[in-house]
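Have a look at the structure below before the remarks.
The values are calculated or read from the model by the stated rules, or taken from the named source; none is laboratory data. The structure presented is a predicted model; accordingly, all values stated were derived computationally and were not measured. When we count neighbours, we look across all protein chains shown, and the Cβ atoms used for this are built from the backbone with ideal geometry, even at glycine. Heads up: the accessible areas ignore ligands, DNA and RNA and are worked out on the full protein's heavy atoms, side chains in. Shrake-Rupley method; radii C 1.70, N 1.55, O 1.52, S 1.80 Å.
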4 protein chains.
Amino acid sequence: MIGIGVIGYGYWGPNLVRNFVEAQETQLLSVADFREDRLALARRRHPEIETTTSYADILDNPRIDAVAISTPVSTHFPLAMEALSAGKHVLVEKPITTTSADALRLIEEAERRDLVLMVDHTFVYTGAVRKIRELIKKGSLGDLLYYDSTRINLGLFQHDVDVIWDLAVHDLSIMDYIFGESPVAVSATGLGHVSAATENVAYVTAFYDTPVIAHLNVNWLSPLKVRRTLIGGSKQMIVYDDVENSEKIRVYDKGITVKNGPESVYKMLVSYRSGDMYAPQIDMTEALRTEIQHFSDCILNRKTPITDGHAGLRVVSVLEAATRSMKDRGRSVLLGDHPKAQLQMALA
Amino acid sequence: MIGIGVIGYGYWGPNLVRNFVEAQETQLLSVADFREDRLALARRRHPEIETTTSYADILDNPRIDAVAISTPVSTHFPLAMEALSAGKHVLVEKPITTTSADALRLIEEAERRDLVLMVDHTFVYTGAVRKIRELIKKGSLGDLLYYDSTRINLGLFQHDVDVIWDLAVHDLSIMDYIFGESPVAVSATGLGHVSAATENVAYVTAFYDTPVIAHLNVNWLSPLKVRRTLIGGSKQMIVYDDVENSEKIRVYDKGITVKNGPESVYKMLVSYRSGDMYAPQIDMTEALRTEIQHFSDCILNRKTPITDGHAGLRVVSVLEAATRSMKDRGRSVLLGDHPKAQLQMALA
Amino acid sequence: MIGIGVIGYGYWGPNLVRNFVEAQETQLLSVADFREDRLALARRRHPEIETTTSYADILDNPRIDAVAISTPVSTHFPLAMEALSAGKHVLVEKPITTTSADALRLIEEAERRDLVLMVDHTFVYTGAVRKIRELIKKGSLGDLLYYDSTRINLGLFQHDVDVIWDLAVHDLSIMDYIFGESPVAVSATGLGHVSAATENVAYVTAFYDTPVIAHLNVNWLSPLKVRRTLIGGSKQMIVYDDVENSEKIRVYDKGITVKNGPESVYKMLVSYRSGDMYAPQIDMTEALRTEIQHFSDCILNRKTPITDGHAGLRVVSVLEAATRSMKDRGRSVLLGDHPKAQLQMALA
Amino acid sequence: MIGIGVIGYGYWGPNLVRNFVEAQETQLLSVADFREDRLALARRRHPEIETTTSYADILDNPRIDAVAISTPVSTHFPLAMEALSAGKHVLVEKPITTTSADALRLIEEAERRDLVLMVDHTFVYTGAVRKIRELIKKGSLGDLLYYDSTRINLGLFQHDVDVIWDLAVHDLSIMDYIFGESPVAVSATGLGHVSAATENVAYVTAFYDTPVIAHLNVNWLSPLKVRRTLIGGSKQMIVYDDVENSEKIRVYDKGITVKNGPESVYKMLVSYRSGDMYAPQIDMTEALRTEIQHFSDCILNRKTPITDGHAGLRVVSVLEAATRSMKDRGRSVLLGDHPKAQLQMALA
């Protein structure tokens, strides 16, 4: 049994706690939050666990092997670093840190101490996203053409991050998982209606070395809740609608065929294909349950998590670039070919 | 009765012809197209009209007072200029021209000859868009916050324009009509999968002097047909779904309230409002019928069209800027404060 | 070429005329309607055809081989009988007649004269319904369990028939085509809000000799337009939504499995299956085009139409029974095992 | 504080327990179930409560003032009768009993002992149904024309009741609450595919003394989950879609207008109205929370519950009639004008 401590019992913490309680490989021992009323709620729901207003109690507890951190983004780095330094495995909320330099420091600390560092990129562990990756990997879609996601709703305005760091991070983590490559440049635009410093409407385009383009539309001020992603391929196309209760994924046998030869390119002889649509059955297990099993498996069997620190770093690198581009009204920002090497230099 | 000639009987021309035939104020006299099979089709449908493979026959016909041009975009300018020079009023397909300089030349020619120059910005004449403008003008939405449109489907690949000039032009003409102001800068990104020179997926952000942002998602390679526009206001928000047969417009009494005072700005005390939704009844008259009545009214009563040459010019100016931004991966392109003055200088 | 005359140019007649004009095997010669304004409309649309206010002109015209009748239901029998007597093949609007006795008379007259008698059960010729029949015939659904259709909208109130004869007739014709058997009894309920004599809301249940049940919900006073049919099978289930523009048919790999053995029957060990859903591509050819080709084929090649007089008779027999049941608040009415034999006796 | 015992911790019991725990006026003391594993689950979730395999422990407990019964339908009557006899107030799952005679016995026992007897007609306490009743009561709909509900899904097959007693009971309780009158006759049809004795597909029509009709379509074998009710009125119409997360209720300003005068009745001059649609904001409080507050209020302040024993009796009377009609293939069964009087005679 892996002894678990959870730091932060706000919006997401209760889900972590519930899943750690139910998982077979883990034993939840303690929950920390500086708000006494949140701890009272945790005790009502789980009378058997300890609670504390000091996260240091968790780091000092020798029975605790691993720590899950679900606190505001700006505290991810110091808390994760202290936890690693205290010899704990770490599962940290997304985004892993507020800068890629900090992400790299965590990666290096975890590697030095041979500890598991995993980011809670929850969507990667849903049946829907795993099915999409499976379809792409086995070639059902052909060449990837575009990824186009709309992730909008009313609220919740975040205090310490903008809408890109809050919502686009989900898509970036999905793209990191299902694409075989990372973006080479990012262009972003956005606007803040409440505070100019914090955009609540934003649009992000990611460019790749290959002829594929990704676009994310994120908005905290939409009257509708939309969670829809289109993934275009040269053979088939996917519509992933996460608001649907059933048939979240629909695969369309649709596309275009372009005739070969210079003449036909000139004449653009494009013909259209339209065949069956099907909605594959997908695993409906709660993502966090799958994720915590994976975290446990990585700890017990010394495996590298799917969403390890490097995945967290790659996502934060794109977020940083998007923020810079957004401040410059869409001017694209290049992503280093070898961000880790560059950062190491920067840290040197 | 206004004598009408139509040049171009391809995809859109038949709709123009049918509506000119049915309108009370107009008499359709002649249709020109260089393809004999299209003219044969026109004759089958309308045995009473003349057809010709030479548009010059239309311009030379003294019984023809006005000419409607529905030909490929690159021919709009020369045909419209010749028609104006021949003393004909002109209704020209969108976009008005391929450059703002050409649009300005048409405006000047029409003004010099005191002729009506109108662009076929069809959506402006739909009941839905007129209802949206009415709601905005009477203050129902409060301050405009954003305009966010998705206009995607499979096909039809155009030969001489990219997806922005084909699809985003609709939104730009709607925005020109319902907003009280023009964009000051544009950022665009996109990708061509068939030909690098012609983007078939594109994303456009328009910036304004006021805290409002507009975004257009256009795509010729989508498995779904989507025609959905969200218009966010500080009081109410509109969802305009043109694919719906009924309830195309839904008005949501939703939004946020931010408490005043420096302390609360610091703390971001954002609260959410959520009230009734309603779908106002809208006029379902065919847009082209309304548009042709307006064209006739402008000719007969010497009025300025809602979608006059200046509207056409404003839209083309944004399209030009978007094209330039897209070639530069999203770097924003400023739109002149006084495009007409600038262009006049450029032409001098 | 088959010479065609159309009697009745009201709501449906123009569709018949347009399709007869476009079909290769037929030549539309004449249209009859007693309303001069309808004939004027027909001439505007089709300047080449003759029009007459007297249907006798059509029956007397030796160049006319076949007559299509799209007039009020009560006139179907006398017009079709006269047309057959004049030696014309007949395509008659649904329902074929107002009584099964009349339907039988038409069948006998057509057989005696060796003429084609076909009923315009339009839905039978849609790609969607043909696909459903194909899926059932090849066993995809397993045993049929139920057919459950909702066909509701606002209007159009009919003058001479109730909502069952107007709307349920579509489902009865589909059921007649896709089921391998006819109902043995019918129960119907309904209510008239405008006139007690003409129900505008009605519900029909059809019973079969096998464990399958059909139910039709028809309504002229619904705020929504719904055209949705569920077809349950022991292996797969179909949802047919005719209001959808794409994916009209969805096939669900869902169902139940019941364990064998007396003990398990007692305990009702029902388990659920839930697999993929798929939407097969369907032929989108206009149904009437397919139907008219079939009508021509039957005339030219002496074939029996899919929707022949017997199909029309079977549908009218169920409609008659439903009407009787509805007057008696749902008491079920038996359908004769051999309606033709019974009717022949009745007529004797 | 009202001391509460809950008998039955199966599908619904946990919801009762959770709401009694959270309510301010009640203190949950004990839960009974004959399955030890269910009690273990209850203890894990609520370590503070007592559990017992003998419901008699609850009836004997003097600190318990009220008992909630969520057990199989066939046990409702004996358990509720024993509880009342032990002086406990009773909240019993729907349907109240399996026969109207038993329902009447409970009513009389509760009245004799001056105890609260309430049926858990949950939907009556939803914000949606309360809003519908409000709209009807204030005359927004005009005269009621019809109530048409579809309540279908895959599973759960019940062991001791058919699909009418399982699903139609919800609609009957809603109708009992929002209509001002009770049905006078019922016609029902149905079929059992697993067991002939237990119908899993059924259709129920209820007739009234006034020109209104109600129809319920219930099915345990549907590939889709549908929870949609249309309520037609002479002024406005409601679509209540309980599967929607937002805008569960839509009010359509649609309908027909019939011109007066014998001539126009003859000619059926029906014209159609079509105006705005609106979706009123509704209270999203969990229905069971509202219901338990009402139960507490009735106990503390000696009020009659909205869903008292008489409401339960009226619903069971319709269910009984539907069952009888279904066995007789739709023959309508009359409901007594004064069922209580009739039943009292029957019991005498």
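Filtering the stretch B:178-185 for residues that are touching a helix residue (DSSP H, G or I) at 6+ places or on another chain (Cβ under 6 Å), aliphatic (A, V, I, L, M) and over 23 Å from A:V258 (Cα atoms) leaves a non-empty set.
Check whether at least one residue in the stretch B:209-219 is in a loop (DSSP other than H, G, I, E, B), out of contact with any Cys (no Cβ under 9 Å at 6 or more places or on another chain) and within 10 Å of another protein chain (Cβ to nearest Cβ), and report yes or no. Yes, the stretch B:209-219 has at least one match. The number of residues in the stretch B:283-325 being over 14 Å from B:V124 (Cβ atoms), of a type in the set (A, V, I, L, M, F, W, C) and part of a loop (DSSP other than H, G, I, E, B) comes to 1. Only one of the listed residues (D:L84, D:L145, D:L104, D:L141) is in contact with a Lys or Arg (Cβ under 7 Å, 6 or more places away or on another chain) and either within 27 Å of D:A321 (Cα to Cα) or assigned to a strand (DSSP E or B) (or both). That residue is D:L104.
Scan the stretch A:112-161 residue by residue and report those that are away from chain B (no Cβ under 14 Å) and acidic (D, E). The answer is A:D114, A:D120, A:E134. Would you say A:G142 is surrounded by fewer than 23 Cβ atoms within 10 Å (Cβ to Cβ) and on the phi > 0 side of the Ramachandran plot? In short, yes. Every test in (1) surrounded by 19 or more Cβ atoms within 10 Å (Cβ to Cβ); (2) under 22 Å from D:R302 (Cα atoms) is passed by D:M81 save one, and that test is (1).
Contact annotation: residue pairs with Cβ atoms under 9 Å, 6 or more positions apart or on different chains, pairing a residue in the stretch A:307-331 that is more than 14 Å from chain B (Cβ to nearest Cβ) with a partner that is basic (K, R), are A:T307/A:K94; A:H310/A:K340; A:G312/A:K94; A:L313/A:K340; A:V315/A:K94. The set of residues from the stretch B:32-60 being modelled with pLDDT of 95 or more, out of contact with any Leu (no Cβ under 7 Å at 6 or more places or on another chain) and within 24 Å of B:I299 (Cβ to Cβ) comprises B:A32, B:T52, B:A56, B:D57, B:I58, B:L59, B:D60.
The number of residues in the stretch B:236-259 that are open to solvent by less than 50 Å² (accessible area, probe 1.4 Å), without any contact (Cβ under 8 Å) to a residue 24 or more places away in the chain and basic (K, R) comes to 1.
The numbered conditions (1) at pLDDT 95 or above; (2) open to solvent by 40 Å² or more (accessible area, probe 1.4 Å) are all true for B:V124 except (2).
Among residues of the stretch D:42-55 that are more than 14 Å from chain A (Cβ to nearest Cβ), those with a Cβ under 6 angstrom from a residue that is assigned to a helix (DSSP H, G or I) and open to solvent by 40 Å² or more (accessible area, probe 1.4 Å), sequence gap 6+ or separate chain, pair up as D:T51/D:R43. Remark: pairs (first residue in the stretch D:278-305, within 14 Å of chain B (Cβ to nearest Cβ); second residue open to solvent by 60 Å² or more (accessible area, probe 1.4 Å) and basic (K, R); Cβ separation under 9 Å; 6+ apart in sequence or on different chains) = D:I282/D:R130; D:D283/D:R130. Applying the set (1) within 26 Å of B:E244 (Cα to Cα); (2) over 18 Å from the mean Cα position of the chain (by Cα) to B:D171 leaves exactly one unmet item: (2). Going by the structure shown, is D:A86 open to solvent by less than 30 Å² (accessible area, probe 1.4 Å) and small (G, A, S)? For D:A86, the condition - open to solvent by less than 30 Å² (accessible area, probe 1.4 Å) and small (G, A, S) - is not met. Per this entry, B:I238 is not counted among residues that are within 19 Å of the chain's Cα centre (by Cα) and facing another protein chain (nearest Cβ under 10 Å). Checking each residue in the stretch D:162-198 for being of a type in the set (S, T, N, Q), open to solvent by less than 20 Å² (accessible area, probe 1.4 Å) and away from chain C (no Cβ under 12 Å) picks out only D:S173.
Within the stretch D:214-228, does at least one residue satisfy the condition of being open to solvent by 10 Å² or more (accessible area, probe 1.4 Å), at pLDDT 95 or above and β-branched (V, I, T)? Yes: the stretch D:214-228 contains one or more residues that are open to solvent by 10 Å² or more (accessible area, probe 1.4 Å), at pLDDT 95 or above and β-branched (V, I, T). Among the numbered conditions (1) more than 8 Å from chain B (Cβ to nearest Cβ); (2) under 30 Å from B:M277 (Cβ atoms); (3) of a type outside the set (G, A, S), the only one that A:L224 does not meet is (1). I need the full set of residues from the stretch C:138-154 which are over 30 Å from C:T257 (Cβ atoms) and more than 19 Å from the chain's Cα centre (by Cα), in order please. Answer for the stretch C:138-154, where residues must be over 30 Å from C:T257 (Cβ atoms) and more than 19 Å from the chain's Cα centre (by Cα): just C:L154. Within this structure, C:S246 fails the test of being assigned to a strand (DSSP E or B) and either of a type outside the set (A, V, I, L, M) or at pLDDT below 95 (or both).
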